[in-house]
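Here is the structure we will look at.
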Amino acid sequence: MSAATDQPSVGQPSAGQASKEQTETPPPLPPEPPFSLYRAMAYMGASMVLALSQGLGQGFVTTNMPQIAGDLGITTTEAAWLMAAYMIPRAVLPLMLIKIRTQYGLRRFAEIGIALYVLVSFAAVWMSDLRSAVTIQFLSGCAAAPLATLAFLYMLEPLPQQWKMRIGLPLALLFLMSAPNLSRVISPALIGDGGLTWVHLVALALAMMSMGLVYLLPLRPVPRERVIKSLDIVSFLLIGIGFGGLVICFVMGPIHYWTEQAWIGVLLAISVLSLTGAVAIELNRKEPLIDIRWLTSPAILHLTATLFLFRLILSEQSSGAPRMFTALDVAPSQMITLFTVILIACVMGALACIAWIKPGREKWFHLAALVLIFTGALMDSRSTVLTRPEQMLISQALIGCAGMLFMPPAAMMGLLSALAKGPQYLLSFVIVFLSTQSLGGVLGSGLFTTFINHRQAGYFQALAEQLTVTGQQTTAAIAAGAAMTASRITDPVQQQLQGVSLLVQEVTRQSYVLAYNDAYFLIALIAGGALTALLLHVFRDWLAQRMTRDQGPSDITEPKT
C-alpha cells in the first residue's frame, strides 16, 4: 500500500483514536421497556428489604449496647467504640460511592457491595472480644453504606418519571428511617434467654435475602465513565479523616465529659485541619469532588442548615425518651408499644407526603413538622419519675410523624435544585444529604447527651445538698429503704447502708428526669424559634408577591399637545 493510503484522511480520527473515543464515550443504551406491575412491586419490595437490612444492622447495635458489652466482657464505655466504628464509614463513604458506581458499573457495584455485607454479617456471629467487634463493626459500616444508595435505586427504578418523587422518595425514606425504631420493637423477642445469637442470625438472614434479590433483580445498566481522579483520593482521605474524627469526638466526648481526655481535643483539631485542607484543594480544582462554591451558595447553605437543624431536634426521639426510660429502669420489652406507635405515625407521615407532596409545598410540610415537634417536646418536658412509655405515646407519635413530613420534601427540594444546575451537581447534593443525616445524627446525639450529663450533675448536686443527715425527710427515706430490705438482710447496719443506697438511686433518677425535662424544653424552644423564623419568611414572600401584583404597569399619561 502507498504512504498516502497508510495515513488517515484530514479531519478524520485514526483507528486507535476512534477506538479510544468509543471507549471513553460509549453510545447511549437503548431504552428499556416499562416495568410490569408485578415486576415493579418486586423491585419496591427489594428496596424495602435492602433499607431494613442496613437500618436494622445499625439499630441492633444501638439498641442492644448493654447486652453486647456483657457478651464481650467489656464496659459500656468501651462498647461505645462499636457505634463510632460503625458510623465512621457511613459518614465518609458516600463521598466516593457514586463515582465508584459510575466508573465501574452499577451491577458490579451492587453485587460486590451486597456480597461484602453478607460476609460481614456472617463474621459478626463470632465476635469474641472488643478488637474483633470494632473491626467487624467498621467493616459492617463500610458494607452497609452502599445499601442505602441501593435502596433508593431499587425504589425509583420501576416507577414512571412523574411518580419517582411522589411515591418513590417518601417510601424509600420511610423504610430507611423506620428501621432503627423497628429494631427496638423486635429486639426483646430476639434476645430472650439466648443472648445475641438470634439478633446476629436475623441480620445475616436479611443480608442473604438482599443478596438474592440483587442478583435476581438487576438494575438497568448505565454507561460507564472514568470519573475518579488522583486528587479525588487525596480529598477523600482528608474529608474521611475530618468526618471520622468528628464522629469519634461526638460519640466519646459526652462519655468522657470532653475535657477529661486530652486526645479528644487533639483529634477535634486534626479533624478541623483535615477538612480545611480538603476545602482548599477542592476550591482550586477544575473538576472538584465536591463543588464547594455551590454548596456555600445561600440557597444550599439554607437547605443544609435546615437539614442539620431538623436532624438535631429529631435526636430527641433517638437519644431522649429511650435513654430516659433506661435511667428509670424501664425494660426494653416495656417500650415495644411506644415504638410500635412511632412506626405507625411514621407510616401516616409518609402517606401524607405521597398524597400532597409537590414542588413549592415544602414550606407547608416544614411548618406542620415544626408544629408537631414543638407540641411533642413540650408535652415530654413535663415528665416525672413515674412517667412510663404509655404516657408518651402521643408526644412521640407526633415527633415520629414530623420526621417523615420533613424529610421527603427537603430531599425533593435538594434533588430538584441539584438537577436544575446539571447532573454533575447531584453528587454534591447527595453528599450534603447523607452527611447531614449521618453526621447530624451523631452530632445531635452527642450534643443532646452532653447537655443531659451537664444538667444531671447540677441537679444531683442541688438535690444532694438538700438532704442532711439529721433531716426528717432524709431519715424517713433511709428508714423506708431499710425496711424494704429487712426480709433479705438481717444485719441492721447493712439495712441502713441499703437504705442510703436506695436513696442515692432515687436522687439520681430525679436528677436525670429533671435534666431530660430541660432538654425536651430546649428542643421545644428551638422548634418554636425555627417555626417563628419560617412563618416570618412565608409572610415576607407573601408580602413581596402582593406588592409586585398591586404595582402592575405604571399608569403614566402622555401630555397633550
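The values are calculated or read from the model by the stated rules, or taken from the named source; none is laboratory data. All values derive from a computational prediction rather than experimental measurement. All Cβ positions, even for glycine, are placed from backbone atoms using ideal geometry, and neighbour counts span all protein chains on display.
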Fill in: Subset of the stretch 30-78 (residues that are touching a Ser or Thr at 6+ places or on another chain (Cβ under 6 Å) and either aliphatic (A, V, I, L, M) or not assigned by TED's automatic domain parsing to the domain that holds Val199 (or both))
Val49, Leu50, Leu56, Ala69
Worksheet item: Do you know which residues across the stretch 200-234 are among the aliphatic types (A, V, I, L, M) and more than 30 Å from Met127 (Cα to Cα)?
Response: Leu216, Leu217, Leu219, Val222, Val227, Ile228, Leu231, Ile233, Val234
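One line per residue, one yes/no per condition, for (1) part of a loop (DSSP other than H, G, I, E, B); (2) of a type outside the set (Phe, Trp, Tyr); (3) at pLDDT 90 or above:
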{"position": "Gly349", "(1), (2), (3)": "no, yes, yes"}
{"position": "Pro359", "(1), (2), (3)": "yes, yes, no"}
{"position": "Leu370", "(1), (2), (3)": "no, yes, yes"}
{"position": "Phe374", "(1), (2), (3)": "no, no, yes"}
{"position": "Met379", "(1), (2), (3)": "no, yes, yes"}
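Per-residue answers, yes or no, for (1) part of a helix (DSSP H, G or I); (2) of a type in the set (Asp, Glu); (3) modelled with pLDDT of 90 or more; (4) within 29 Å of Glu316 (Cβ to Cβ):
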| site | (1), (2), (3), (4) |
| --- | --- |
| Phe521 | yes, no, yes, yes |
| Gly528 | yes, no, yes, yes |
| Leu535 | yes, no, yes, yes |
| Ala544 | yes, no, no, no |
| Glu558 | no, yes, no, no |
Item to complete: For Ala143, work out the one condition from (1) surrounded by 23 or more Cβ atoms within 10 Å (Cβ to Cβ); (2) closer than 30 Å to Leu37 by Cα it doesn't fulfil.
Response: (2)
Item to complete: Kindly indicate which of Gln396, Gln391 is crowded, with 24+ Cβ neighbours inside 10 Å and not assigned by TED's automatic domain parsing to the domain that holds Met165.
Response: Gln396
Discussion item. For the structure I just gave you, tell me whether Leu267 is surrounded by 20 or more Cβ atoms within 10 Å (Cβ to Cβ), modelled with pLDDT of 85 or more and either closer than 30 Å to Leu447 by Cα or over 20 Å from the mean Cα position of the chain (by Cα) (or both).
Written reply: no
Worksheet item: Checking Thr259 against (1) surrounded by fewer than 19 Cβ atoms within 10 Å (Cβ to Cβ); (2) farther than 30 Å from Gln505 by Cα, which single condition isn't satisfied?
Response: (2)
Worksheet entry | Residue satisfying condition, being in a helix (DSSP H, G or I), surrounded by fewer than 19 Cβ atoms within 10 Å (Cβ to Cβ), in contact with a helix residue (DSSP H, G or I) (Cβ under 8 Å, 6 or more places away or on another chain) and not assigned by TED's automatic domain parsing to the domain that holds Met412, within set Met208, Met177 | Met208
Fill in: Filter result for Leu201 (buried (at least 20 other Cβ atoms within 10 Å of the Cβ), touching a residue at least 40 places away in the same chain (Cβ under 8 Å) and part of a helix (DSSP H, G or I))
no
Worksheet item: For the stretch 377-388, which residues satisfy the criterion of being of a type in the set (A, V, I, L, M) and either crowded, with 18+ Cβ neighbours inside 10 Å or in contact (Cβ under 8 Å) with a residue 40 or more places away in the chain (or both)?
Response: Ala377, Leu378, Met379, Val385
Worksheet, complete the sentence: Quick count over the stretch 45-57, residues being surrounded by fewer than 22 Cβ atoms within 10 Å (Cβ to Cβ) and touching a Phe, Trp or Tyr at 6+ places or on another chain (Cβ under 8 Å), is 1
Worksheet item: Out of the stretch 346-373, which residues are of a type in the set (Gly, Ala, Ser) and crowded, with 23+ Cβ neighbours inside 10 Å?
Response: Gly349, Ala350, Ala369
Worksheet entry | Residue under evaluation Leu119, criteria (1) farther than 19 Å from Ser210 by Cα; (2) touching a residue at least 12 places away in the same chain (Cβ under 8 Å), criterion not met | (1)
